[in-house]
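Readers should treat all values here as calculations from the given coordinates under stated rules, not as data from a laboratory. Please read all numbers here as calculations on a predicted model, not as lab measurements. All Cβ positions, glycine included, derive from the backbone under ideal geometry; neighbour counts span all protein chains shown.
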Amino acid sequence: MISQKDVEHIAKLARIELNEKEKEKFSQELSLILDYIKQLNEVDTDDVEPTSQVTGISNALRDDESVNNLNNQDKIIEQFPERKETLLKVKAILERGN
Amino acid sequence: MEIKNLTIRDIQTGLDNNDFTGGELAAEYFASIKKENQKLNVYLSVFDDKEMKFDKKGELWGSFCAVKDNILIEDTIATAGSKILENYKATYSATVIRKLIGAGVNFLGKTNLDEFAMGSSTENSAFGPAKNPHDLKRVPGGSSGGSGAAVAAGLATFALGSDTGGSIRTPASFCGVVGLKPTYGRVSRHGLIAMGSSLDQIGSITKNVYDSALVLKTIAGRDPLDSTTAEIEVPDYTKELKKDIKGLKIGVPKEYFAVPAEALGEGGGRGLDPDVEKKIREAISIFKNLGAEIIDVSLPHSKYALAVYYIIMPCEVSANLARFDGIKYGYSVTGDNKQATSLLEVYEKSRAKGFGNEPRRRIMLGTYALSAGYYDAYYLKAQKVRTLIKKDFDEAFKKVDVIIGPTSPAPAFKIGEKEDPLSMYLADIYTVSHNLAGIPAISIPCGFIEKEGSKLPVGLQIAGKHFNEGTILRAAHNFEQALKNG
């Protein structure tokens, strides 16, 4: 049901690199799971509203005032995998070009 | 000193009577952990070098808590059971942690779990499975297996876990202890590493129902840092326990005891274990003797709950785990130019190497179900059936106060027994609906059954209406006392 090509596409979207063996394994496992899920088509949901959350709360607001109760910038910066002083270092997102 | 069975109240009484000091208790716990953890693998990190406080302040003073490793405690490692966070140091503490500290609790360490809370057995942990104290060849349940086993083995007074599809209740059931999943919105999720944001709840694993009520009283409440928490006042749940359950209307869903094929929506052989069913029926008799009224109810969409859960949860997972990308924290290949020269490679390789099989499986399932062309067929459809599942409970609760049933279809299985993902997912059959509907549910021990020479605990599940934890705790407490008094 899910081909290896589908798995390649999904892996790209999910930003996870897979080797050939993994692609085959996941295509089998995902197909099995999706097969089980197919039974939802039996259910008549024509006039049913979707539920995205069960609290019934909407628009939890607070006053537009600055609240600074977490002074943990140092701890956060310490976790950066690569940095230059307090700046987070990442690979280029734009290439030098003409 | 026998600390194994001490409840929160036992400890406070003992400290008041000078039977022992806080320091002696701490030393005993750490000594036990040192002795047993190699065998049980329940703790991923132990706080034996941290300062403990023993002043008599706060309702839970004197007690020692084990915390599931997906709940943040500032300045300590939080792995979420994954290599991708193996060295991640939490930069803040979860709201529940701050509340427990205020209540006088000391923390013993972080417990083992299925990676990112994905699993029902703790076998998906990147740091090895935890073992069930009742039979070391069997799983303690999951994903809060470390927490469940720690409490059962007496390596903590109580523990914190998280429950998205049964992850507090299944370990409680397999390990023979009490596990409570509160109403969605009752307890703050701030500081809980998110899995399924519309399903997750933090809850406690305790030795008895009284401790469960006490801990809930402390951790529940509106939190401005979690907009999904309710404005509803937190009652003193312990006061509810004193009342009896005469006239309590208890619903028993017929679908829970249906022929296995019907109950699970597919071929039998994976149905309700007849020994478990016997224990649940005995429990129903006990409730009758306590004066409760047993009423048959129907939850017609029960059989679709698992399918709904295994679409909605992976979809939410795919969004929540996108943040683990090797950029700001966690495992990253970015420093190694042999491995990654582009930003895309940093993402793809950090995630491929950092995540185990189950997270990758669920991220991909969710990515697929949310992708263009499939969103309506899968995610939207699942959300609509979710509405029907919630409506089933709303209808049933017009006739009854609580709904009971088994927590798990069978007792603890053997490590390595469930080889394919689907057969593992089926272990959640009785627990996922409550997360989908957002209702509270507790698992309490209701006896033991024998399998291959081992005595294995069986869990009874009691579910209630939204924000009605008082009622399910009252039912649970009365049952627990009846079972104790024989």
Taking square-rooted eigenvalues a ≥ b ≥ c of the alpha carbon gyration tensor, is the protein assembly as shown rounded, prolate or oblate, where a/c under 1.5 means rounded and, failing that, a/b exceeding b/c means prolate?
oblate
So for each of B:468-474, B:78-84 I average, over its residues, the number of other beta carbons within 10 Å; can you give me the resulting order with the highest mean first?
B:78-84, B:468-474
Quickly rank B:432-445, B:214-227 as a protection proxy: mean count of other C-beta atoms within 10 Å, highest first.
B:432-445, B:214-227
In cubic angstrom per residue, the convex hull of chain B built on its Cα atoms measures 145
Taking the Cα centre of chain B as the origin, how large is its charge dipole in debye, to the nearest 20, when only Lys and Arg (+1) and Asp and Glu (-1) carry charge on their Cβ atoms?
380
Dipole-positive endmost among B:Ala258, B:Ser302, B:Asn208 within the protein assembly as shown (Cβ charges, Cα centre):
B:Asn208
Under a point-charge model restricted to the Cβ atoms of Lys and Arg (+1) and Asp and Glu (-1), what is the dipole moment magnitude of the protein assembly as shown relative to its Cα centre, in debye to the nearest 20?
440
Over 28 Å (Cα to Cα) among B:Lys50/B:Lys83; A:Lys38/B:Lys399; A:Lys5/B:Lys68; B:Lys207/B:Lys242; A:Lys5/B:Lys131; A:Lys12/B:Lys338 -> A:Lys38/B:Lys399; A:Lys5/B:Lys68; A:Lys5/B:Lys131
Here the whole-number average of other chain Cβ atoms within 10 Å per Cβ of B:307-315 is 3
Assuming a ≥ b ≥ c are the square roots of the Cα gyration tensor eigenvalues, decide whether the stretch B:83-144 counts as rounded (a/c under 1.5), prolate (otherwise, with a/b larger than b/c) or oblate.
oblate
Sorting B:Tyr379, B:Ile312, B:Gly354 by the position of each Cα along the dipole of the stretch B:233-390 (Lys, Arg +1; Asp, Glu -1; all at Cβ), the one nearest the positive end of that ordering is B:Gly354
Which of the pairs B:Lys57/B:Lys89; A:Lys25/B:Lys353; B:Lys391/B:Lys465; A:Lys84/B:Lys353; A:Lys75/B:Lys89 have their Cα atoms more than 19 Å apart in this structure?
B:Lys57/B:Lys89; A:Lys84/B:Lys353
